[in-house]
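Scroll down for the structure; my scribbles are underneath it.
The values are calculated or read from the model by the stated rules, or taken from the named source; none is laboratory data. Keep in mind that this is a model prediction, so the values were computed, not measured. Glycine also receives a Cβ, built like all others from the backbone with ideal geometry; neighbour counts cover every protein chain displayed. SASA here: full protein model, heavy atoms, side chains in, ligands and nucleic acids out. Shrake-Rupley method; radii C 1.70, N 1.55, O 1.52, S 1.80 Å.
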Amino acid sequence: MDAPPRIMGILNVTPDSFSDGGDYLVPDTALSQALTMVEEGATIIDVGGESTRPGAATVSVEEELRRVVPVIEAIHSKSDVSISVDTSKPEVMRAAVAAGADIINDVRALRVDGAMEAAASLDVSVCLMHMQGEPGTMQQQPVYEDVVEDVISFLGGRVAHCELAGIPRSRILVDPGFGFGKNLDHNLQLLKGLGHFSRLGVPLLVGLSRKSMIGALLGDAPVEKRVLGSVGAAVVAIERGAAVVRVHDVRETCEALAGTGLL
Ligand code: YH5
């Protein structure tokens, strides 16, 4: 039997995610959110301090460190849950792993200068995500010849780069990057063709939770009305071979997976 799928709970530590953010409250609030997600069934907590939404401001290394390191330390001191750090910056990768992170989750697939070397020097897993373009402009006019084949080919190339840099395949995950330089049709083709990603021979991570694709399919539903659509999408992704789903709504996702015999 396959290993059961894993649930990665999303923990954003950007200022917009803590509306009343007096600085010292942030690690506390984030820690209790993380521990709640662990109780609900998350086996990985994904800590992110850079917003990759279109139009979001870029964040300096210092600011990103200030946001994520205390939160990772706090989670690591209270729980043995796996911790991933959602970052593209080599300095943040090093500090996050020193603070207790076990996984580097990079939406830029280690393409930033120094990131591949940093990840290779650290004894952790890496998630390589596909993105066409950069967050600020990626949704303007995404173009593919065949989105499933193009994304698989990109990810295969990044896996090969990692192996050349000394990261063993056993530490690599890949992610098609839903919503990152993809229109609705591209996202739907990727979800339909998810089974093809098994060709890459490494575990697949999928993040669909609350994304605009779900909103669009529900007739422009606002973020707070995307929970059931997101849960359904997570179930479908796992049924099509995903090993890990990255979600906001951990309790609901685990309940749906348990009730369909998938967890
Ligand atoms: C991902 O797919 N996504 S950050 C827009 C939304 C909702 C959610 C309101 N980091 C992924 O979660 N890492 C992000 O509409 C990720 N895979 C991996 N590996 C974007 C996000 C989101 C954006």
Point to revise | Size of electric dipole in region 136-182: Cβ of Lys, Arg +1 and of Asp, Glu -1, about Cα centre, debye, nearest 20 | key: 260
Point to revise | Only Lys, Arg (+1) and Asp, Glu (-1) charged, at Cβ; region 200-259 dipole about Cα centre in debye | key: 140
Exercise for review: Take each of the peptides 86-98, 196-208, 251-263, average the number of other beta-carbon atoms within 10 Å over its residues, and list them starting from the highest.
Suggested key: 86-98, 196-208, 251-263
Revision key, fill the gap. Here, Glu239 and Ser79, labelled 7 Å along Cα→Cβ, have an inter-label distance in nm of 2.9
Review point. Taking N as the number of residues in region 30-77, what is its Cα Rg relative to 2.2 N^0.38 Å?
Key: 1.30
Revision key, fill the gap. Projecting the Cα atoms of Val159, Phe197, Val250 onto the charge dipole of region 119-263, where Lys and Arg contribute +1 and Asp and Glu -1 at Cβ, the residue farthest towards the positive end is Val250
Review point. Assigning unit charges at the beta carbon (Lys, Arg +1; Asp, Glu -1) and nothing else, what dipole magnitude in debye, to the nearest 20, does the chain show about its Cα centre?
Key: 480
Revision key, fill the gap. Rounded to whole Å², per residue accessible area for the chain with a 1.4 Å probe reads 46
**Study point:** Estimated distance in nm for a label pair at Ser153 and Ser60, the labels positioned 7 Å out from Cα along Cα-to-Cβ
**Key:** 4.1
Practice item. Compute from the Cα atoms of region 176-258 the Rg and the Dmax, the latter being the longest Cα-Cα distance, and quote both in angstrom. Key: 12.2, 36
Check your understanding: Can you give the three extents of the C-alpha atoms in region 90-173 along their principal axes, from longest to shortest, in whole Å?
Key -> 39, 26, 18
Check your understanding: Ignoring ligands, DNA and RNA, what percent of the accessible area of region 177-263 is carbon or sulfur (1.4 Å)?
Key -> 56
**Study point:** All-pairs alpha carbon distance profile, the chain, 5 Å steps from 0, percent
**Key:** 1, 6, 13, 18, 21, 19, 14, 7, 2, 0
Check your understanding: To the nearest whole percent, what portion of all C-alpha pairs in region 84-138 is separated by more than 15 angstrom?
Key -> 39
Check your understanding: Within region 107-125, what residues put their amide N at less than 18 Å from the label point 7 Å along the Cα-to-Cβ vector of Ala98?
Key -> 114-124
Review point. Mind checking the log10 I(q)/I(0) for region 139-221 at q = 0.16, 0.18, 0.21 Å⁻¹? Debye, one equal scatterer per Cα, no solvent, two decimals.
Key: -0.64, -0.78, -0.98
Check your understanding: Among Val85, Val13, Ala42, whose Cα sits farthest toward the positive end of the charge dipole of region 1-116 (+1 at Cβ of Lys/Arg, -1 at Cβ of Asp/Glu, about the Cα centre)?
Key -> Val85
Check your understanding: Along the Cα-to-Cβ line of Glu91, 7 Å from the Cα, sits a label point; which residues in region 39-82 have backbone N less than 17 Å from it?
Key -> 49-51, 58-70
Point to revise | For q = 0.11, 0.14, 0.19 Å⁻¹, Debye-computed log10 I/I(0) when each Cα of region 51-201 counts as one equal scatterer | key: -0.44, -0.72, -1.19
Review point. Which aspartates and glutamates, on any chain, are close to Lys192 with Cα under 12 Å apart, when same-chain ones fewer than 8 places away are left out?
Key: Glu239
Study note, to complete from the structure: Projected convex hull area of region 1-121, Cα atoms, direction-averaged, in nm², equals 8.5
Revision key, fill the gap. Distance in nm between Asp123 and Thr260 label points, each 7 Å along Cα→Cβ, equals 3.8
